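The values are calculated or read from the model by the stated rules, or taken from the named source; none is laboratory data. All of these numbers come straight from a predicted model, not from anything done at the bench. In this analysis, Cβ positions are derived from the backbone assuming ideal geometry, glycine residues included, and neighbour counts consider all displayed protein chains. We work out accessible area using only protein heavy atoms, side chains counted, and drop any ligands, DNA or RNA first. Shrake-Rupley method; radii C 1.70, N 1.55, O 1.52, S 1.80 Å.
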Amino acid sequence: MKLILLGAPGAGKGTQAEVICEKLSIPAVSTGNMIRAAIAQGTEFGIKAKSYADEGRLVPDEIVVSIIKDRLVQDDMKNGFILDGFPRTVPQAEALDKMGVEIDMVITIEVEDDKITKRMSGRRVCGSCGASYHIEYKPSQVDGICDKCGAETIQRKDDHPDTVKSRLEIYHNETAPLKDYYSKTGKLKVVHGQDEVKDTTALTLKALEG
């Protein structure tokens, strides 16, 4: 199956991608992870993308499309895949169509903006090992200290409330129109995100079966 996951930043697409990946034994491709890795490694692409990511802006289509195009032709993608974070704009969706990629289903995870802001602004990440925490839902045993390695936990710049607000505005203006784009094809399934991850997962798996 070739699947696209849509949803605002912080809606929990990554978690659902992992579940579907395990269930269907197909790779999940996260554009966000690819971009963050490139930034951390200081690659040419990462340098170009950093200024956009730091300000919560979308990385230009031509950069993202070229990265995805190279990924789609790799051997592990032949039996299907999950695209998490791509396409993010209608032009990116059109570029995907032009590649001749036939998408089987598009699932959008819907969560209210205020809940997303609370989720994301409370996230903390270990600056050393990358372990993830949340000040309310999953706090570290000692505030500001990673349970796993003892290093300091930090709030990523793109999790700051002002940046989250900016990212949500961009989502509604540039990414949300994809729901109409794919709805016209009859391939769009809507999942309403729940407070408990397991409940959202149950709805996602139900949508997948339908």
Send over the Kirkwood Rh of the stretch 55-123, from the inverse of the averaged 1/r over different Cα pairs, rounded to one decimal Å. 14.2
Whichever aspartates and glutamates have a C-alpha closer than 18 Å to that of Lys187, once near sequence neighbours (fewer than 8 apart) are set aside: Asp84, Glu94, Asp97, Glu102, Asp104, Glu110, Glu209
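Helix-only estimate, please: 222 nm mean residue ellipticity of the chain, summing -39500 (n - 2.57) across DSSP H runs of length 4 or more and dividing by its residues, to the nearest 500.
Working: 9 runs with 94 residues, N = 210.
That comes out to -13500 deg cm²/dmol.
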Expressed as a rounded percentage, what relative contact order does the chain have, with Cα pairs under 8 Å and six or more residues apart? 28
Give, in nm to one decimal, the length gained when the segment between Gln155 and Val101 is fully stretched (0.36 nm per residue of separation minus the Cα-Cα distance). 15.7 nm
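If Lys and Arg each add +1 and Asp and Glu each add -1, what is the summed charge of the other residues whose beta carbon sits under 12 Å from the beta carbon of Val65?
Values: positive: Lys69, Arg71, Arg88, Lys98; negative: Asp61, Glu62, Asp70, Glu94, Asp97.
Taking every other residue near Val65 into account, the sum is -1.
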Compute the separation of the alpha-carbon centres of the stretch 76-95 and the stretch 129-201 and state it in Å as a whole number. 19
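At a 1.4 Å probe, what is the % contribution of carbon and sulfur to the accessible area of the chain? List each step's numbers first, then the result.
Numbers: 5540 of 11380 Å².
The nonpolar share, carbon plus sulfur, comes to 49 percent.
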What are the semi-axes of the equivalent ellipsoid for the chain, taken as the square roots of 5 times the Cα gyration tensor eigenvalues, largest first, in whole Å? 27, 21, 17
How much net charge surrounds Ile154 when only the other residues with a Cβ under 13 Å from the Cβ of Ile154 are counted, with Lys and Arg +1 and Asp and Glu -1? 0
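Structure shown: which of Lys48/Lys157; Lys48/Lys118; Lys13/Lys165 lie over 27 Å apart, alpha-carbon to alpha-carbon? Let's see the in-between values first.
On the way: Lys48/Lys157 17 Å; Lys48/Lys118 29 Å; Lys13/Lys165 18 Å.
Over 27 Å Cα-Cα: Lys48/Lys118.
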